[in-house]
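Contents: one structure, followed by commentary.
The values are calculated or read from the model by the stated rules, or taken from the named source; none is laboratory data. It should be emphasised that the depicted structure is a prediction, and the values quoted were computed from it without experimental measurement. A quick note on method: Cβ atoms are made from the backbone with ideal geometry, for glycine too, and the neighbour counts reach across all protein chains shown.
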Protein chains: 2
Amino acid sequence: MTAKIRLYVDHPLGAGQSVPLNRDQAHYLFAVMRLAAGDCVALFNGRDGEWLAEVAVAGKRGGELAVRAQTRPLQRPPDLWLLFAPIKKARTDFIVEKAAEMGAARIVPVLTEFTNAERIRRDRLRAHAIEAAEQCGGTYVPEVADLTRLDRLLDDWPGNRRLMFCDEAEAGRPMSDADGFGVVPGEAGRPAPGDPWAILIGPEGGFSEPERARLRGLPFAHVATLGPRILRADTAAVAAMTLWQSRFGDWR
Amino acid sequence: MTAKIRLYVDHPLGAGQSVPLNRDQAHYLFAVMRLAAGDCVALFNGRDGEWLAEVAVAGKRGGELAVRAQTRPLQRPPDLWLLFAPIKKARTDFIVEKAAEMGAARIVPVLTEFTNAERIRRDRLRAHAIEAAEQCGGTYVPEVADLTRLDRLLDDWPGNRRLMFCDEAEAGRPMSDADGFGVVPGEAGRPAPGDPWAILIGPEGGFSEPERARLRGLPFAHVATLGPRILRADTAAVAAMTLWQSRFGDWR
């Protein structure tokens, strides 16, 4: 028996477990997707892998699923954070969706000097990450952090985490090494598989000169060059994650 | 004198040339962006590079620009075609926008067995490509081809053009070589810089078994693996163009 529908639930999953459905979930499964008692759904909660569950009770305002067997173990993405400056609503949603598809473990909206957005709807971004995980067959949902000021984030930076810094001022500079990254500073040495990383995508207005100078001086920062054309922030996010995943992540 | 606004015009560009503006262009420059006589604009037409032009006449329903000097030569992207099966409107627009940003030379919408869209608005897709080129600082606008059946396209395939074929059925297979591409067939040999290429992104429903079998058997086809998660078509397009540009294209 296979399930065509994948659903995220915030509930423990294990053989014999019963999972209650809220009104929205019941509406989606029974009214929109027309499932009935006995039909199957794939469930994941971001922690316990993917499980096959059977509809036990199908109601208008709720229902119950009976968890049968694990179909896939939890597959955590590599230890990659995506840091980005929030932009227009649709493109911010898009970046979160792409971060989940591309396998970021954590999404951190950052406030830079030239960022316009003063606040984000964290619950809405989280909902986009969940929907993307449902679609892309992932068993993990990236964490969405609170909006954080870039300067404070750098003040408290975890020492062993490398930073891939995408700067549109670099557009057109040829890639200077086989990593596809521009500058690999001597102090932190060459990156190795398994290193924790973060990718930082700048805001539409670019970084300020003081920000750029600080970023360039960080011993854990690597400057990435993403070709001769200036990429929009959402394009740059997917491109940077592609380079990283194919070089250090779980695409290898 | 530098220009903050970049505008595509379908008109020859050269020193001393006068460029007439249509109603939409005049509205954008003079009503929306509030330019006046004497202000500067950067122009490109996809053929003659980028030129600095000065507003000579600013009217409500039209106007005239006087072309001064070339600011950048034409920079053609590599000989890369992006083939994709049209999907929902917003995501199709998005793929075209991303193809222009990422540096595809030609965009070819293809009809596969599992493609839903029976027609496309070529003029609308072209407008998206132009807008993306205006934004990303490109001097070239990719050509948008008519919707073409995949089987006919393969019947008439230009012999020396390689095809990078992204198949979601490959999700999870590790990359088998340093190119980040899965299968490099012996017959066509290893790719070299400068080879003409096409990238083929499948439809949401995937390729049919006969399509997949045909694609896999082509001597010029390379199967690409884009990580363990299933990517949406728009994500796959950006990821595949990133891998290609960083390995063979103008990101090197």
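Can you go through A:ALA90, A:ALA99 and tell me which one is in a helix (DSSP H, G or I) and at pLDDT below 95?
A:ALA90
Among (1) crowded, with 22+ Cβ neighbours inside 10 Å; (2) at pLDDT below 85; (3) more than 11 Å from chain B (Cβ to nearest Cβ), where does A:LEU200 come up short?
Unmet condition: (2).
Taking the stretch A:240-250 on its own, how many of its residues are touching a residue at least 60 places away in the same chain (Cβ under 8 Å) and either facing chain B (nearest Cβ under 7 Å) or part of a loop (DSSP other than H, G, I, E, B) (or both)?
6
B:GLU113: farther than 30 Å from B:GLU50 by Cβ and out of contact with any strand residue (DSSP E or B) (no Cβ under 7 Å at 6 or more places or on another chain), yes or no?
yes
Taking the stated definitions as given, is B:PRO193 modelled with pLDDT under 85, closer than 30 Å to A:ARG6 by Cβ and within 14 Å of chain A (Cβ to nearest Cβ)?
Criteria not met by B:PRO193.
Out of (1) within 20 Å of A:TYR140 (Cα to Cα); (2) touching a residue at least 40 places away in the same chain (Cβ under 8 Å); (3) not aromatic (Phe, Trp, Tyr), what's the single condition that is false for A:ASP48?
Evaluating A:ASP48 over (1) within 20 Å of A:TYR140 (Cα to Cα); (2) touching a residue at least 40 places away in the same chain (Cβ under 8 Å); (3) not aromatic (Phe, Trp, Tyr) leaves (2) as the failure.
Do you know which of the residues in the stretch A:102-124 that are part of a helix (DSSP H, G or I) and either assigned by TED's automatic domain parsing to the domain that holds A:LEU13 or under 28 Å from A:ASP195 (Cβ atoms) (or both) is modelled with the lowest pLDDT?
Taking the candidates together, the pick is A:ARG122.
Would you check if A:ASP93 is over 27 Å from the mean Cα position of the chain (by Cα) and buried (at least 17 other Cβ atoms within 10 Å of the Cβ)?
no
Just name the residue that is surrounded by the fewest Cβ atoms within 10 Å (Cβ to Cβ) out of those in the stretch A:211-233 that are more than 9 Å from chain B (Cβ to nearest Cβ) and either under 21 Å from A:PHE94 (Cβ atoms) or under 16 Å from the mean Cα position of the chain (by Cα) (or both).
A:ALA233
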